[in-house]
1. So, with a 1.4 angstrom probe, what is the percent of accessible area on segment 313-378 that is carbon and sulfur?
2. With a sphere of radius 10 Å drawn around the Cβ of Trp237, what net charge do the other residues whose Cβ falls strictly inside it have (Lys, Arg +1; Asp, Glu -1)?
3. In segment 461-525, what trypsin sites (Lys or Arg not before Pro) fall in a loop by DSSP, with at most 13 other Cβ atoms inside 10 Å?
4. Take the alpha-carbon centre of segment 486-554, take the same for segment 142-199, and report the distance between them in whole Å.
5. If you rank Asp515, Asp399 by how much accessible surface each has, with a 1.4 Å probe, what is the order from largest down?
6. Net charge near Leu265, counting Lys/Arg +1 and Asp/Glu -1 over other residues with Cβ under 13 Å of its Cβ?
7. Can you pull the accessible area of Tyr391 for me, 1.4 Å probe, Å² to the nearest 10?
8. On the protein heavy atoms, probe 1.4 angstrom, tell me the percent of accessible surface of segment 410-462 carried by carbon and sulfur.
Amino acid sequence: MAEDFERNGEPPIDIAQNIPTNFGPLLKWGAVLAAIVALFVISSISRAIYTDLLWFDALGFKSVYTKILSTKIVMFLVGAAIFAGMISTSLWFGLKQSRGEVTLPLPPEVISVLNKAVIVGVIGVGGVLSIIFGTVFSSRWELFLKFTNAAEFPLRDPVYGKSASFYIFDLPILTFLQGWLLGAFIVVLLATLALHFVNFSLRGVNFSLSSTMRLHLSIIAALIMFTIAWGHWLDRWELVLSDQGAVFGAAFTDLNARQPALLVLTFVASASGVLMLVNAYMRGLRILVGAVALWLVLALLLGAAWPALTQQFSVTPNEFVKEEEFIARNIEFTRQGFALERIEEQFYPAETEITADLVRNNITTVNNIRLWDPRPLSDVYRQIQAIRTYYDFVDADMDRYTIDGQYRQVALSAREVAPEGLSAESQTWVNNKLVYTHGIGVAMSPVTEFTPEGRPVFFAKDIPNDGTLPVGVENSPSGPDLLIDNPRIYYGENTLEHTVVNSATDELDYQTSGDVLIRNRYDGTGGVRMSSIFRKLAYTWQIGDINLLISSQITSESRLQYRRSIEERIATVAPFLILDADPYIVVADGKLTWIQDAY
């Protein structure tokens, strides 16, 4: 210090004197900020739960949501508690092991403040990580519900002899748990190392491993290797679902290279874990490094190189012979999966000569050979049947109806509301959310007929003048075959924005050919009733539309309709279903109904 003073001509700066020791006000304001953030997060989660509960209840699926919600909460608490127990135990031992004599020239009060800061940081980091891992755990609620409600299937796989239910219900959740635990152990190891580094740095000493620290870190590393070994064991079962061979399922390379490789890697990873525990009682790290290196090398050689070489030099030159057994298995189980073995085969002689009797006997089929393609037909519908700028046709679908006594193949498409088609000056909140709330009717035409101008012949067309849409041959003496008493369409494929129905502002129902505007008030049960200021506040925050709260047009009888897309509604209610890409509308019982194919 004196030499520095003499060299520079200035007194040395004592850094310790510039470190504040009174953190009372900072901690107070930090606690206030943390409380505000926590309150916002809790309020946001509560708001989402409340609004979703109202939405599911309005659909009659409240029990579905409460089941999902309760499962998520339980899984979050379990996941967060398990990880909190893991990381708190590790960090507690880490604090004890990394503390010691402080060699830095710091006053005792500064040392005390730094130690408290480390403890607060440890608690904060542990809490945040526990929430993250609890959230990840709860996100797989569907796997848990499938596992706890599993049913045994009599079908068994030919490789391990396990029931097919094992691969549908058990293996997915086992794989998830293995990955979750592996991630948890790795994070715990990194957090523990970081804590040791911070404490040694604050003490001003070089980082070194004591015997207790070596034991501690070796146990965590061994747990990581045991979890990896478990993953290799699970991967053996995953081979049944392999897509690496000529066909889906375990193939030659999977069973003759990957399967034995995974078995060897399971034992190697387990042995590496044991060696890491043994290394805890050794002075050096050679055994630990050697164990990890051995596993890495074998993972590359056995897990990647061996299967690749087997495929290249054994399977590819003689693929059919090598894969014949597995192709036969694939065919057998495909037939069982699609119940093809229950199909009765009947052979019909092929006739190359088309006779009048043949056509006459199949006249219904011949009369319904499709001439119209749905893609250009959708454009035609938009051109001649949208009629108003605020309507649109998304696409045309194929269906069959009995029209005028004949079974006909038809194309039909819903005339959905499209307020984005309004002029710029008409793009107001009232128009978009309260007035233009629904489409009306469908366009339907046979796929085999067209006018002299090349336009489709319509069985259903135009906007109804009296609110009722007839379906049938135009000007038929027997009248329409079907009558749509309620042609209004509040949900569809183009209904992406929320609307409020049954408000103080009447909705536009339809505009007649004489440009007379017919108004309507919604009398259905769709949507969530805005019956209280609390609901308005919740949905204002949820949707981000302040007008839901301040507009005088929204009464206690108004209903908020959101998630109006058919696919979104079904995916929200039943997320376990795989949906077909295109829902379609049908005419039945005097109304329009959407059908969504799902698997």
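The values are calculated or read from the model by the stated rules, or taken from the named source; none is laboratory data. Computed from a predicted model, the values in this text were never measured in an experiment. Methodologically, a virtual Cβ is constructed for each residue, glycine included, from the backbone with ideal geometry; neighbour enumeration extends over all protein chains shown. We work out accessible area using only protein heavy atoms, side chains counted, and drop any ligands, DNA or RNA first. Shrake-Rupley method; radii C 1.70, N 1.55, O 1.52, S 1.80 Å.
1. Working: 3150 of 5610 Å².
Using a 1.4 Å probe with all protein chains present, segment 313-378 comes out at 56 percent carbon and sulfur.
2. Details: positive: Lys162, Arg236; negative: Asp157, Asp170, Asp235, Glu238.
Summing Lys and Arg as +1 and Asp and Glu as -1 gives -2.
3. Numbers: sites: Lys461, Arg488, Arg519, Arg521; in loops: Lys461, Arg521.
Sparse-neighbourhood loop trypsin sites (Lys or Arg not before Pro): Arg521.
4. One Cα centre to the other: 46 Å.
5. Working: Asp515 95, Asp399 35 Å².
I get Asp515, Asp399, largest accessible area first.
6. Values: positive: Arg236, Arg258; negative: Asp235.
Local net charge: +1.
7. 10
8. Working: 980 of 1870 Å².
Carbon and sulfur: 53 percent of the exposed surface of segment 410-462.
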